[in-house]
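Peer 1: Below you will find the structure I want to go over with you.
The values are calculated or read from the model by the stated rules, or taken from the named source; none is laboratory data. If you're wondering where the values come from, they're calculated on a predicted model, not measured in any experiment. Don't worry about glycine lacking a Cβ; one is built from the backbone with ideal geometry, like all the others, and counts go over all protein chains shown.
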Amino acid sequence: MDGIILEQNRKKLLSEIEILKSEGIDSLAAWLKGIINLAIITRSTDIHIEPTGKTTDIRFRIDGLLTPITCLKPDYIPKLANIILTKCEGNPCDYRIQDGRFDHEFSEMARGVDVRFSQIPTIHGPSIVLRLLDRVRASIPLESLGYSQHNQQLINQAIIVPHGLILVTGPTGSGKSTTLSAVLNQIKSISKKIITIEDPVEITHSLMSQVEVDRSQDLTFGRAIRAFLRQDPNVILIGEIRDHETAEETLRAANTGLQIFSTLHTNDPISAILRLKDLGVDAVNIASCLVAVVSQRLVRKLCPFCKSPYTVVQHKLEAYKVKYLSEEIQTLFRANNCGHCHHGYLGRTVVAEVLLIDPEIKEFIGRNSLGEIYSILRQRGTYRTMADDMKSLVLNGETSMDEAIRVLG
């Protein structure tokens, strides 16, 4: 959408929701529709509705950062929670922990948006988060996610292996689910049986059987994997490895000749291996079935319409900034602001580190000599860390040094 039109629509919607807010509690349903529409056109991934006692604050997560939008009177939150819970077919009289989902149609889009709802009780009332999942944007091809050519080649090399475990790691909000969704879309075919167990199912796919964790029915990750093995699958996706049972069942499935994908909340590939060991998996089992670990973060991209160049001198910078430079005097780019972007940034891309588990690496894992792996990789001279990937983005003007430091330090 053109930046000028986007800014006009944003101001128009913001004006409308402020008018609806002033009309009082009876207009909250229309206000909620307007606030979701505003979140969509500003490319927000989440809407945070947070009671503070004096007000109810509304913030959007845009390109990974929370941004204040508006606020409501504190006595509006009970009715607003009831409206959302009714949409989710939840219990509108219960302000304890609840989850749900509903569909939202925006007239300016030719498609709907899936809205995921989460509620927790606070001392001032229910705190609500609405996660917006664009069904079309969620099915982005793997090659369009922003991986460097080097990392893209390594990922493609890993996913053509028809058996074993591939892990995607990173903190919450680092794009792990989007990456795995793109991978499944790339490998799925009419001749493969693909089953997933997720908590919850965020992105629906054709040619796959998708199962959602349901603790009330004792349907856990570990129990689901055991049941999946009786379904004669080719590929299994496990949403997250978070306990001993899931780790053991994941490795057991990977050792039966299946292709397994999963995620871990760790910072780098070696930490992922250590985490599996902490969960009680034998090092020999890890070495026998682990194919690759992809560690990643999401980083904001500079707006191409308003970014501006500036010169930096290496010896005048703090030590933690120098790692993003390659020469003593360098031209970088900084964020500004315009009608196309949000505070100088427009969209996000991925920075990653991909470790392929070759026979030599397997030997180190099996011997519990993980500390030697990075030494071997550095000696090879071809391994690229996440910091190396980020450095390329900074030097190419795709992101700023400030953003690199915010994400990686």
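Peer 1: Among the residues of region 215-232, is any in a loop (DSSP other than H, G, I, E, B), assigned by TED's automatic domain parsing to the domain that holds Leu167, over 26 Å from Asp99 (Cβ atoms) and modelled with pLDDT of 95 or more?
Peer 2: yes
Peer 1: If only one of Lys301, Lys316, Lys321 is modelled with pLDDT of 95 or more and more than 29 Å from Ile194 (Cβ to Cβ), which one is it?
Peer 2: Checking each option against the conditions leaves just Lys301.
Peer 1: What are the pairs with Cβ atoms under 8 angstrom where one residue, in region 63-88, is closer than 13 Å to Gly53 by Cα and the other, located anywhere, is acidic (Asp, Glu)? Sequence gap at least six, or different chains.
Peer 2: Cys71/Asp57
Peer 1: Tell me which residues, restricted to region 124-161, are closer than 30 Å to Thr256 by Cα, at pLDDT below 95 and not small (Gly, Ala, Ser).
Peer 2: Result: Pro141, Leu142, Glu143.
Peer 1: What are the residue pairs meeting all of these: first residue in region 231-248, first residue of a type in the set (Gly, Ala, Ser), second residue surrounded by fewer than 22 Cβ atoms within 10 Å (Cβ to Cβ), Cβ atoms under 6 Å, and 6 or more apart or on different chains?
Peer 2: Gly239/Glu198; Gly239/Asp199; Ala247/Leu279; Ala247/Val281
Peer 1: Here's a follow-up. In the list Glu398, Glu327, Glu372, which residue meets the criterion of being within 25 Å of Thr178 (Cβ to Cβ) and in the same structural domain as Ala182 (by TED's automatic domain parsing)?
Peer 2: Residue meeting the stated conditions: Glu398.
Peer 1: Here is a further query. Quick one: in region 367-385, which of the residues that are in contact with a helix residue (DSSP H, G or I) (Cβ under 9 Å, 6 or more places away or on another chain) and outside any loop (DSSP other than H, G, I, E, B) is nearest to Leu154 (Cα to Cα)?
Peer 2: If we take residues in region 367-385 being in contact with a helix residue (DSSP H, G or I) (Cβ under 9 Å, 6 or more places away or on another chain) and outside any loop (DSSP other than H, G, I, E, B), then Leu377 is nearest to Leu154 (Cα to Cα).
Condition check ((1) out of contact with any Phe, Trp or Tyr (no Cβ under 6 Å at 6 or more places or on another chain); (2) of a type in the set (Asp, Glu); (3) over 24 Å from Gly64 (Cβ atoms); (4) not in a strand (DSSP E or B)) across all residues:
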| residue | (1), (2), (3), (4) |
| --- | --- |
| Val294 | yes, no, no, no |
| Gln330 | yes, no, yes, no |
| Arg348 | yes, no, no, no |
| Ile361 | yes, no, yes, yes |
| Phe364 | yes, no, yes, yes |
| Ala387 | yes, no, no, yes |
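Peer 1: Any idea how many residues of region 162-182 are farther than 21 Å from Leu132 by Cα and either assigned to a strand (DSSP E or B) or among the β-branched types (Val, Ile, Thr) (or both)?
Peer 2: Going through region 162-182 one residue at a time, the tally reaches 6.
Peer 1: Starting from residues that are among the basic types (Lys, Arg) and over 15 Å from Arg348 (Cα atoms), keep the ones in region 379-409 and report whichever is surrounded by the most Cβ atoms within 10 Å (Cβ to Cβ).
Peer 2: If we take residues in region 379-409 being among the basic types (Lys, Arg) and over 15 Å from Arg348 (Cα atoms), then Lys391 is surrounded by the most Cβ atoms within 10 Å (Cβ to Cβ).
Peer 1: Which of the residues belonging to region 170-189 are under 10 Å from the mean Cα position of the chain (by Cα) and surrounded by fewer than 16 Cβ atoms within 10 Å (Cβ to Cβ)?
Peer 2: Pro171, Thr172, Gly173
Peer 1: What's the total number of residues in region 245-290 that are of a type in the set (Val, Ile, Thr) and under 22 Å from the mean Cα position of the chain (by Cα)?
Peer 2: Summing the residues that are of a type in the set (Val, Ile, Thr) and under 22 Å from the mean Cα position of the chain (by Cα) in region 245-290 gives 7.
Peer 1: Applying the selection to region 296-326, what residues are within 20 Å of Glu398 (Cβ to Cβ), small (Gly, Ala, Ser) and outside any strand (DSSP E or B)?
Peer 2: Residue satisfying the conditions is Ser326 alone.
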